Amino acid sequence: MSTDSTQQKKIILLAADEQEFEVEEAVVMEIGVVKTYFEDNPDSCDEPIPLPNVKSEYLLKVIEYCKWHLDQEDEEAKEFDRELFNTLDNEGMLQMLLAANYLDVKDLLEMLTQAVADRIANKSVEYVRRFFGIENDYTPEEEAELRKQNEWAFEDVEPDDDI
(Lines give C-alpha, C1' and ligand atoms only; values in the text may rest on other atoms or scores of the structure.)
Protein backbone atom coordinates (compact mmCIF):
# COMPACT_ATOMS: atom_id res chain seq x y z
CA MET A 1 0.00 0.00 0.00
CA SER A 2 1.39 3.40 -0.99
CA THR A 3 1.66 6.21 1.45
CA ASP A 4 1.63 9.88 0.58
CA SER A 5 5.40 10.06 1.05
CA THR A 6 6.03 7.38 -1.59
CA GLN A 7 3.53 8.67 -4.13
CA GLN A 8 4.98 10.70 -6.93
CA LYS A 9 3.75 14.15 -7.71
CA LYS A 10 1.33 14.25 -10.64
CA ILE A 11 1.63 16.76 -13.45
CA ILE A 12 -1.26 17.65 -15.75
CA LEU A 13 -0.53 17.83 -19.48
CA LEU A 14 -3.08 19.54 -21.71
CA ALA A 15 -3.32 18.25 -25.29
CA ALA A 16 -4.30 20.33 -28.33
CA ASP A 17 -7.89 19.09 -28.11
CA GLU A 18 -8.12 20.18 -24.43
CA GLN A 19 -7.92 16.65 -23.01
CA GLU A 20 -5.96 16.52 -19.77
CA PHE A 21 -3.55 13.77 -18.73
CA GLU A 22 -2.41 13.39 -15.14
CA VAL A 23 1.08 11.89 -15.29
CA GLU A 24 3.75 11.08 -12.71
CA GLU A 25 6.50 13.67 -12.55
CA ALA A 26 9.26 11.15 -13.36
CA VAL A 27 7.46 10.21 -16.58
CA VAL A 28 6.86 13.79 -17.77
CA MET A 29 10.50 14.64 -17.09
CA GLU A 30 11.33 12.27 -19.96
CA ILE A 31 9.55 14.77 -22.25
CA GLY A 32 12.13 17.44 -23.09
CA VAL A 33 9.72 20.31 -23.70
CA VAL A 34 8.01 19.70 -20.34
CA LYS A 35 11.32 19.46 -18.51
CA THR A 36 12.36 22.79 -20.06
CA TYR A 37 8.99 24.30 -19.13
CA PHE A 38 9.58 23.37 -15.47
CA GLU A 39 13.09 24.75 -15.53
CA ASP A 40 11.76 28.05 -16.92
CA ASN A 41 8.57 28.15 -14.77
CA PRO A 42 9.33 26.43 -11.45
CA ASP A 43 6.34 28.03 -9.69
CA SER A 44 3.70 26.85 -12.18
CA CYS A 45 3.88 23.09 -11.67
CA ASP A 46 0.33 22.98 -10.26
CA GLU A 47 -1.18 24.34 -13.47
CA PRO A 48 -1.85 22.21 -16.57
CA ILE A 49 1.00 22.40 -19.07
CA PRO A 50 -0.39 23.24 -22.51
CA LEU A 51 0.92 21.21 -25.44
CA PRO A 52 -0.97 22.86 -28.31
CA ASN A 53 0.76 20.98 -31.12
CA VAL A 54 -0.05 17.45 -29.95
CA LYS A 55 -3.44 15.74 -30.20
CA SER A 56 -4.50 13.65 -27.22
CA GLU A 57 -4.34 10.40 -29.19
CA TYR A 58 -0.61 10.88 -29.82
CA LEU A 59 0.19 12.50 -26.48
CA LEU A 60 -1.19 9.37 -24.80
CA LYS A 61 1.12 7.19 -26.91
CA VAL A 62 4.14 9.36 -26.06
CA ILE A 63 3.27 9.16 -22.36
CA GLU A 64 2.93 5.37 -22.61
CA TYR A 65 6.28 5.19 -24.42
CA CYS A 66 8.02 7.28 -21.74
CA LYS A 67 6.44 5.25 -18.94
CA TRP A 68 7.48 1.93 -20.49
CA HIS A 69 11.02 3.07 -21.08
CA LEU A 70 11.26 4.37 -17.53
CA ASP A 71 9.76 1.30 -15.83
CA GLN A 72 10.72 -1.72 -17.95
CA GLU A 73 13.79 -3.71 -18.83
CA ASP A 74 15.31 -3.23 -22.30
CA GLU A 75 13.72 -6.32 -23.86
CA GLU A 76 10.25 -5.47 -22.56
CA ALA A 77 10.64 -1.89 -23.78
CA LYS A 78 11.75 -3.12 -27.22
CA GLU A 79 8.69 -5.35 -27.41
CA PHE A 80 6.52 -2.36 -26.51
CA ASP A 81 8.20 -0.36 -29.30
CA ARG A 82 7.51 -3.10 -31.85
CA GLU A 83 3.87 -3.27 -30.81
CA LEU A 84 3.54 0.52 -30.93
CA PHE A 85 4.97 0.76 -34.45
CA ASN A 86 2.88 -2.16 -35.70
CA THR A 87 -0.34 -0.49 -34.54
CA LEU A 88 0.39 2.78 -36.34
CA ASP A 89 -0.73 3.36 -39.90
CA ASN A 90 1.31 5.73 -42.05
CA GLU A 91 -0.61 8.84 -40.95
CA GLY A 92 -0.30 7.80 -37.31
CA MET A 93 3.42 7.21 -37.77
CA LEU A 94 3.86 10.73 -39.16
CA GLN A 95 1.73 12.26 -36.38
CA MET A 96 3.79 10.42 -33.76
CA LEU A 97 6.98 11.64 -35.44
CA LEU A 98 5.74 15.23 -35.27
CA ALA A 99 4.68 14.77 -31.64
CA ALA A 100 8.04 13.26 -30.62
CA ASN A 101 9.84 16.10 -32.36
CA TYR A 102 7.71 18.84 -30.77
CA LEU A 103 7.86 17.21 -27.33
CA ASP A 104 11.61 16.59 -27.66
CA VAL A 105 11.58 12.88 -26.83
CA LYS A 106 14.87 12.08 -28.56
CA ASP A 107 14.88 8.26 -28.36
CA LEU A 108 11.32 8.04 -29.65
CA LEU A 109 12.07 10.54 -32.41
CA GLU A 110 15.10 8.53 -33.49
CA MET A 111 13.12 5.28 -33.59
CA LEU A 112 10.22 6.86 -35.47
CA THR A 113 12.57 8.43 -38.00
CA GLN A 114 14.05 5.00 -38.68
CA ALA A 115 10.59 3.43 -38.85
CA VAL A 116 9.47 6.00 -41.44
CA ALA A 117 12.66 5.44 -43.42
CA ASP A 118 11.99 1.69 -43.36
CA ARG A 119 8.43 2.22 -44.59
CA ILE A 120 9.47 4.30 -47.60
CA ALA A 121 12.66 2.39 -48.48
CA ASN A 122 12.62 1.08 -52.07
CA LYS A 123 9.20 2.61 -52.72
CA SER A 124 8.20 4.56 -55.80
CA VAL A 125 8.19 8.34 -55.99
CA GLU A 126 4.40 8.20 -56.15
CA TYR A 127 4.24 6.15 -52.95
CA VAL A 128 6.53 8.57 -51.10
CA ARG A 129 4.49 11.54 -52.33
CA ARG A 130 1.28 9.94 -51.04
CA PHE A 131 2.96 8.95 -47.77
CA PHE A 132 3.99 12.54 -47.01
CA GLY A 133 1.05 14.23 -48.77
CA ILE A 134 3.30 15.92 -51.33
CA GLU A 135 1.73 17.24 -54.51
CA ASN A 136 3.62 16.59 -57.74
CA ASP A 137 4.50 20.01 -59.13
CA TYR A 138 6.54 18.74 -62.09
CA THR A 139 5.15 18.68 -65.59
CA PRO A 140 5.14 15.22 -67.19
CA GLU A 141 8.06 16.33 -69.36
CA GLU A 142 10.12 17.58 -66.40
CA GLU A 143 9.47 14.40 -64.45
CA ALA A 144 10.39 12.20 -67.42
CA GLU A 145 13.67 14.11 -67.82
CA LEU A 146 14.50 13.76 -64.12
CA ARG A 147 13.73 10.03 -64.22
CA LYS A 148 16.00 9.66 -67.25
CA GLN A 149 18.84 11.57 -65.55
CA ASN A 150 18.52 9.50 -62.38
CA GLU A 151 17.67 6.02 -63.64
CA TRP A 152 19.77 4.45 -60.88
CA ALA A 153 17.33 5.81 -58.28
CA PHE A 154 14.50 3.76 -59.75
CA GLU A 155 16.28 0.40 -59.70
CA ASP A 156 14.85 -2.22 -57.33
CA VAL A 157 11.75 -0.17 -56.55
CA GLU A 158 9.13 -2.37 -54.91
CA PRO A 159 5.49 -2.40 -56.02
CA ASP A 160 3.42 0.18 -54.18
CA ASP A 161 1.34 -0.85 -51.20
CA ASP A 162 -1.91 0.91 -50.62
CA ILE A 163 -1.51 3.84 -48.30
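The values are calculated or read from the model by the stated rules, or taken from the named source; none is laboratory data. Here the structure is a predicted model, which means the values were calculated and not measured. Counting neighbours? That spans all protein chains shown, and the Cβs are built from the backbone with ideal geometry, glycine included.
Report yes if Tyr127 is surrounded by 11 or more Cβ atoms within 10 Å (Cβ to Cβ), hydroxyl-bearing (Ser, Thr, Tyr) and under 24 Å from the mean Cα position of the chain (by Cα), otherwise no.
yes
Go through Asn53, Asn122 for me and flag whichever is touching a residue at least 40 places away in the same chain (Cβ under 8 Å) and part of a loop (DSSP other than H, G, I, E, B).
After applying the criteria, what remains is Asn53.
Name the pairs: first residue in segment 131-160 and outside the structural domain of Leu94 (by TED's automatic domain parsing) and among the acidic types (Asp, Glu), second residue assigned to a helix (DSSP H, G or I) and surrounded by 10 or more Cβ atoms within 10 Å (Cβ to Cβ), Cβ to Cβ under 6 Å, at least 6 apart or on different chains?
Correct list of pairs: Asp160/Tyr127.
Does Met96 meet the test of being in a helix (DSSP H, G or I), out of contact with any Asp or Glu (no Cβ under 8 Å at 6 or more places or on another chain) and among the hydrophobic types (A, V, I, L, M, F, W, C)?
yes
Just one of (1) within 21 Å of Thr113 (Cβ to Cβ); (2) part of a helix (DSSP H, G or I) trips up Glu30, so point out which.
(2)
From (1) more than 24 Å from Asn53 (Cβ to Cβ); (2) part of a helix (DSSP H, G or I); (3) touching a Ser or Thr at 6+ places or on another chain (Cβ under 8 Å), pick out the condition that doesn't hold for Tyr127.
In the conditions (1) more than 24 Å from Asn53 (Cβ to Cβ); (2) part of a helix (DSSP H, G or I); (3) touching a Ser or Thr at 6+ places or on another chain (Cβ under 8 Å), Tyr127 misses (3) alone.
Name the single residue, out of those in segment 82-107 being within 17 Å of Leu70 (Cα to Cα) and modelled with pLDDT of 95 or more, that is surrounded by the fewest Cβ atoms within 10 Å (Cβ to Cβ).
Lys106
Please determine, by comparing only the residues of segment 138-162 that are over 15 Å from Asn122 (Cα atoms) and not in a helix (DSSP H, G or I), which one is farthest from the chain's Cα centre (by Cα).
Thr139
Being acidic (Asp, Glu), at pLDDT 90 or above and out of contact with any Lys or Arg (no Cβ under 9 Å at 6 or more places or on another chain) is the filter; apply it to segment 1-59 and report the residue that is farthest from Val105 (Cα to Cα).
If we take residues in segment 1-59 being acidic (Asp, Glu), at pLDDT 90 or above and out of contact with any Lys or Arg (no Cβ under 9 Å at 6 or more places or on another chain), then Glu18 is farthest from Val105 (Cα to Cα).
Can you name every residue in segment 136-163 that is surrounded by 10 or more Cβ atoms within 10 Å (Cβ to Cβ) and among the basic types (Lys, Arg)?
Answer for segment 136-163, where residues must be surrounded by 10 or more Cβ atoms within 10 Å (Cβ to Cβ) and among the basic types (Lys, Arg): just Arg147.
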